[in-house]
Amino acid sequence: MRYKCSDSACINYCWYFNGTTIKGIEWDNIVYAASGFMTVIFMILAYSISNGIAIGFITYTVSMIGVGKIKEIKPIVWILDICFVIFLVFLPK
């Protein structure tokens, strides 16, 4: 599959945006650090912004469950997680 020039421009813009905001992540908090790290890494590896965001949301939820803060997860996050899992599993590109 060949990518269009506009895709490359969007990826570069997101790289710039991520680069300027990545310093704002609370690296001492494992939940935020893990989800931020996975988001950025999967955007790079999958060459897809949407896949990176999906993995970031899923990592956030798994991390919150792992640290025992399951009650603090908002219902919209659960809904988005379900949508992202369906997107990643059943709609491969």
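Every condition in (1) closer than 18 Å to F87 by Cα; (2) aliphatic (A, V, I, L, M); (3) touching a helix residue (DSSP H, G or I) at 6+ places or on another chain (Cβ under 6 Å) is met by I73 except one, and the failing one is (1).
For region 53-81, the set of residues classified as of a type in the set (D, E, K, R) and exposed (fewer than 14 other Cβ atoms within 10 Å of the Cβ) consists of K69, K71, E72, K74, listed by residue number. Looking across S50, S35, one residue alone is surrounded by fewer than 17 Cβ atoms within 10 Å (Cβ to Cβ), among the hydroxyl-bearing types (S, T, Y), within 13 Å of the chain's Cα centre (by Cα) and assigned to a helix (DSSP H, G or I). It is S50.
Just to be sure I understand the filter: pairs with C-beta atoms under 8 Å, separated by 6 or more residues or on different chains, first member in region 1-30 and of a type in the set (V, I, T), second member at pLDDT 75 or above and in a loop (DSSP other than H, G, I, E, B). Which pairs pass? Final answer for the pair search is I11/Y47; I30/V67. In region 19-32, which residue that is under 25 Å from A9 (Cβ atoms) and over 15 Å from the mean Cα position of the chain (by Cα) is modelled with the highest pLDDT? Once the filter is applied, the top-ranked residue is G24.
Which of (1) at pLDDT 80 or above; (2) within 17 Å of the chain's Cα centre (by Cα); (3) among the aliphatic types (A, V, I, L, M) is the odd one out, the single condition V67 does not satisfy? Failing condition for V67: (2).
The values are calculated or read from the model by the stated rules, or taken from the named source; none is laboratory data. These numbers come from a predicted model, not from an experiment. Cβ coordinates were reconstructed from backbone atoms using ideal geometry, including for glycine residues, and neighbour counts include every protein chain displayed.
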